[in-house]
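Notes follow the structure.
The values are calculated or read from the model by the stated rules, or taken from the named source; none is laboratory data. Note that the structure is predicted; figures quoted are calculated from it, not measured. Here the Cβ is made from the backbone with ideal geometry for all residues, glycine too, and neighbour counts use every protein chain on show. Each accessible area value is taken on the protein alone, full model and side chains, heavy atoms only, with ligands, DNA and RNA left out. Shrake-Rupley method; radii C 1.70, N 1.55, O 1.52, S 1.80 Å.
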Amino acid sequence: MRVAARLKQAERMLVDAGRDPSTAEWWLMHVLGVDRTGLIVRLSEELSDDETTAFESGLERLLAGEPVQHLIGYAPFYGRTFEVNRDVLIPRPETEELIEWVVEHVGPIEDDTIVDVGTGSGAIAITLSLELGVRVQTVDISREAIAVAKRNAEVLRAGVTFHEGDCLGPVADNSIRVLVSNPPYIEADELLDETVAGYEPHLALFGGADGLEFYRKIIADSTRVLRADWQLIAFEIGYNQGQVVKSYLSERYPEAETGILKDINGKDRIVYAVREGIAHGNEMDQANRS
Ligand code: GLN
């Protein structure tokens, strides 16, 4: 069968199974070892027997609900490629907004004064380290996740310090200026798509009965680790958690400016706090120059 026809057929099968059909193209590019341009070039050619066998076996897994990122072993994030497996949450495009906001608003920053809580694959910490040119601290309770994050940091040559532990537990007092986290925030009884619930670590997804447990815990302990000259706190949140997480932050930091940002789909996705007296982005640069 020609490549184009096989792709169309696979996409139809995925739609019928209630799966995301765009994974077929991603998987096919991986099997053929080509990028999108290379795939277009091959569309009118025949698939070899080996290619057909490889494509079919992966397609079975996609039809069963397995994430395509697990088949190919990596996921893109902020223009880089991260190894992923069942021990870590697959980086989501929405989380790139967190990076963008921090990069835009952070002032001059020193090594090891940024912490990423619940780093998982390391996507946030590694990206911030590379974008800002500083060493970033991370904490994760999963030893298996830390092993993945370490490999990612090594391959991408990012400066990252790893701590195994719970929330801010292993982080030293008065050492942090920027606190970021995409903690587990799904409510205990929320029903998730099989592709998520069946294959991604529940440890990285569920945030207690109301999904807010880790925000409460991290914010309560943040006063211990933040330096007096802290700059920013930024959390990824679930679409319905913006107001409550913002209120946790403003209760704890009444002087800070707090806010909620929407993701590409128009849903609340980031809650932040900026210490009083810290100007934003460019203004901050201007203040430093003058
Ligand atoms: N955004 C993820 C999802 O909807 C959840 C991420 C998290 O819990 N931090 O599957």
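Below, the figures for the structure above:
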{"read-out": "Cβ charges +1 (Lys, Arg) and -1 (Asp, Glu), total dipole of the stretch 182-253, debye", "value": "560"}
{"read-out": "MRE, 222 nm, helices only [DSSP H, n ≥ 4, -39500 (n - 2.57), over the chain, to nearest 500]", "value": "-12500 deg cm²/dmol"}
{"read-out": "The chain: C-alpha gyration tensor shape, a/c 1.5 cut-off, then a/b vs b/c", "value": "prolate"}
{"read-out": "Helix axis angle, 3-16 relative to the chain longest principal axis, alpha carbon, degrees", "value": "60"}
{"read-out": "Low-density loop positions, GluC sites (Glu not before Pro), the stretch 117-200 - DSSP coil, at most 14 other Cβ in 10 Å", "value": "Glu190"}
{"read-out": "Carbon plus sulfur fraction of accessible area for the stretch 18-86, probe 1.4 Å, in percent", "value": "52"}
{"read-out": "Overall form of the stretch 128-245 per C-alpha gyration tensor (a/c, 1.5; a/b vs b/c)", "value": "oblate"}
{"read-out": "GluC sites (Glu not before Pro) restricted to DSSP loop in the stretch 1-94 with at most 15 other C-beta within 10 Å", "value": "Glu45"}
{"read-out": "Additional length obtainable on full extension of the chain from Ser48 to Asn240, 0.36 nm per residue less Cα span", "value": "64.3 nm"}
{"read-out": "Loop sites in the stretch 149-205: trypsin sites (Lys or Arg not before Pro), DSSP, at most 13 other Cβ within 10 Å", "value": "Arg157"}
{"read-out": "Distance (nanometres) between label positions extended 7 Å along Cα→Cβ at Val41 and Thr81", "value": "1.7"}
{"read-out": "Computed lengthening from Ala188 to Ser250, 0.36 nm per intervening residue step minus Cα-Cα distance", "value": "19.8 nm"}
{"read-out": "Amide H partners (placed H, <5 Å) of Arg269, local residues excluded", "value": "Leu261, Lys262, Asp263"}
{"read-out": "Between 0 and 90°, nearest 10: helix 123-132 axis offset from the chain longest Cα axis", "value": "60"}
{"read-out": "5 angstrom amide H check on Val134, placed H, neighbours 5+ away", "value": "none"}
{"read-out": "Folded to 0 to 90 degrees: helix 213-225 orientation relative to the chain principal axis, Cα", "value": "40"}
